[in-house]
1. Name the GluC sites (Glu not before Pro) in segment 121-207 that are in a loop by DSSP and that have at most 10 other C-beta atoms within 10 Å, would you?
2. Taking a ≥ b ≥ c as the square roots of the eigenvalues of the Cα gyration tensor of segment 226-306, is the shape rounded (a/c under 1.5), prolate (a/b larger than b/c) or oblate?
3. Quick one: length gained pulling Gln172 to Trp16 fully straight, 0.36 nm per residue minus the C-alpha distance?
4. Once you have the alpha carbon radius of gyration of segment 25-162, what is it after dividing by 2.2 N^0.38 Å, with N set to its residue count?
5. Using the beta-carbon distance between Tyr188 and Asp164 and R0 = 25 Å, what value does 1/(1 + (r/R0)^6) give for FRET efficiency, to the nearest 0.05?
6. Does segment 95-214 come out rounded, prolate or oblate by the C-alpha gyration tensor, with a ≥ b ≥ c the root eigenvalues, rounded set by a/c under 1.5 and, if not, prolate when a/b is larger than b/c and oblate if not?
7. Report the per residue volume, in Å³, of the convex hull enclosing the C-alpha atoms of the chain.
8. With +1 on each Lys and Arg Cβ and -1 on each Asp and Glu Cβ, how big is the dipole of the chain about its Cα centre, in debye rounded to the nearest 20?
Amino acid sequence: MPIARKQQILTPKPQWQETLGEYVTAIAWSPNGQFLAGTTAAGEVVIYQESKPLAQRLTALRSPTDESIDCVGFSADGKWLAAAGQNGKIYLWQVENNEFQLVTTLEQGNEWIDRLAWHPSRAEFAFSLGKYVQVWSAESQDIVTTVNFDASSVLALSWHPSGDWLAVGGYQGIKMWQVSDWYEDPIYFEMPTATGVIAWDSTGQYLAANTLDKTVVLIQWLGRNFDPQPWRMQGFPGKIRAFAWSELQAGAEPILVTTSGDEAVVWRKHANPNIGWEGEVLRGHVGNVNLVQFQPHTNLLASAGEDGIISLWQDASDWQQSIDASTSEITCLQWHPQQCKLAAGNDRGGLAIWHKFAKPTGFGA
């Protein structure tokens, strides 16, 4: 019996692609999906706008320099864009009538800024500044607060989905500051080593964190404190590089995906609380899997890494499609917020977008 072919989800070749001056360090879709921002190790900041004619879709907001831009993001309302990196500066653009106007450049000395996160509902963003985190308001163009992690440089930061708390990771733990009272002592969750990656699920019930000893710690948030008895996942082949959470589906717990070495592991919470979370290994990549991301509102998972292949997994379980994106390492990956469309950047400056696959119709299809 012939084996049925898998239905392709995305077009095998990108609908649009461009080559920038250097390694693509970060990409971000605007909340309405009209724009894709990209940054490079050469200091470029570019904007892709699909509504424009093909030759005019890419606009440079910042030309190449010799200093990397490492983080970029849009505010929750899409009216602001911030980018920062090696030179200790944060660039802030206002988005109005499909135009980007640079409104300010924040000078932060010689500190390399490699973490920046917008508040989930306000026009405020947090960014790393050595051992400190500063929160800044785009609308008032002023500092909201500065908090001190103290134990080390800030290695990770993430807003709680409610917007009521800010989690910061670094050496020996995670600290949580309450937005309503920045001067209150933070909640502290002690870890055995440094924490470099943290990620909330979409409801804010769970926080996933990595450690340098190849452990994933999954902590339940109880509203005003962490459960003191977290789940610990061990036995990974290498450094835990990334997390992805599925959006909560009706009647089900969210799914967590972790990457380590050439594996992505899918964790699902067992119905029996004594069993906890069970892992299923997804194999198919050669070399490190650097990136995993769920398509919004579905359990369709994309994974990518050193081999230049993007793999798509239905229900984060069944392989559906592999796209040979390039011979270069894929360095960033982002689903469109509303459509079945995927953007990726690589270490040779390639930036590309794949659209939903449309099955041919008509004679000969």
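1. Taking segment 121-207 and a limit of 10 other Cβ atoms within 10 Å, the loop GluC sites (Glu not before Pro) found are Glu184.
2. Because a/c hits 1.5 or more and a/b fails to exceed b/c, segment 226-306 counts as oblate.
3. Extending this stretch completely gives an extra 51.8 nm.
4. It is 1.02.
5. 0.90
6. prolate
7. Residue-normalised Cα hull volume stands at 163 Å³.
8. Using Cβ point charges on Lys, Arg, Asp and Glu, the chain gives about 1020 debye.
The values are calculated or read from the model by the stated rules, or taken from the named source; none is laboratory data. None of the values given here were measured: they were computed from a predicted structure. Here the Cβ is made from the backbone with ideal geometry for all residues, glycine too, and neighbour counts use every protein chain on show. These area figures cover heavy atoms from the full protein model, side chains too; ligands, DNA and RNA do not enter into them. Shrake-Rupley method; radii C 1.70, N 1.55, O 1.52, S 1.80 Å.
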